[in-house]
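So the structure is just underneath, and the comments pick up after that.
The values are calculated or read from the model by the stated rules, or taken from the named source; none is laboratory data. Because the structure is a prediction, the values reported are computed rather than measured. Cβ: placed from backbone, ideal geometry, glycine included. Neighbour counts: every protein chain shown. Calculation scope for accessible area: heavy atoms of the full protein, side chains included, ligands and nucleic acids excluded. Shrake-Rupley method; radii C 1.70, N 1.55, O 1.52, S 1.80 Å.
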Amino acid sequence: MEYIDVAVIGGGQSGLAAAHALLGRGLRPVVLEAAGRAAGAWPRYCDSLTLFSPARYSSLPGMPFPGADGDSYPHRDEVVAYLTAYADRLDADIRTAQRVTSVRRAGSACEVVLEGGGRLRARAVIAASGTFGRPHRPALPGLAEFTGQVLHAAEYRSPVPFTGGRPAVVGAGNSAVQIAAELAGTARVMLATRGPVQCAAQRILGRDLHFWTARTGLDTTPLGRLLRRPPRQPVLDDGRYRTALAAGRPDRRPLFTGADGAELRRMPVTALPRLVRRVST
């Protein structure tokens, strides 16, 4: 049995930032990353993904993001390269291809069980694995009999496989709207949502929204503690999504209740967030 200070589960931006903070307190963290490199889920995101925040607001502690003096929005591959470089510079024990299967209390410590049977005994454990690896798939009536292709947003890579088709994207969040707008360039897309898509300007008076939230202190204000029901997060938009929705590309419709072709044509109301459906209707 190996004894360590702190086990950090996940080697993405949260796990690497946590390791940096632990090192600053004189601890020796061990970062356990299931993938083959410490870059979190970023290598598996869709090909066109860019950050919502400019480079200047995207740095991890102790290492500026390249171009941090500007307002460019880093692409997925730039983020992967940055996280890889950050991990290489971080003076921490980062172990890749180490998937944690369970954590259990062992006296005053925690026992971390690895896939394959390995075990570590840690004084503390930080969970920084995120949700990308286990996306939620709501149980939609008729899904088992539905003959079309069903993808979660986590599995979407590019619009190429949907060219000329009739895909339906379900949800009104950033991921759903971005995917639907991209698909609309090569396919006839339906965007199914509970209500109208709420967009927020990404730039105000020539400055990115992150500039204003940092200047006003809203970026660190614990709004969740102040509001009984926090507002729904809007879609950050530089104008392209409002324009696309106004043009019917994608075509927004109410949510549907089933997965058969007739239901997809009628479109009543239900909730099935962040799924991409390829349908034959």
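Quick look at the numbers
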| item | result |
| --- | --- |
| Of Gly62, Phe162, Ala39, farthest towards positive along the dipole that unit charges on Lys, Arg, Asp, Glu beta carbons give the chain | Phe162 |
| Point-charge dipole on Cβ atoms (K/R +1, D/E -1) for the chain, about Cα centre, debye to 20 | 920 debye |
| Most fluctuating residue given options Arg76, Arg137, Arg95, as computed from a GNM of the chain linking Cα atoms under 10 Å | Arg137 |
| Relative contact order (%) - the chain, alpha-carbon pairs under 8 angstrom, separation at least six | 19 percent |
| Surface accessible to a 1.4 Å probe, per residue, for the residues of the chain, Å² | 54 Å² |
| Sulfur and carbon atoms: percent of accessible area, the chain [1.4 Å] | 52 percent |
| Relative contact order computed over region 1-145 (Cα-Cα under 8 Å; 6+ residues apart), in percent | 32 percent |
| Separation between Cα centres of region 67-87 and region 153-203, rounded to whole Å | 25 Å |
| Global form of region 1-76, assessed from the alpha-carbon gyration tensor, a/c cut-off 1.5 | oblate |
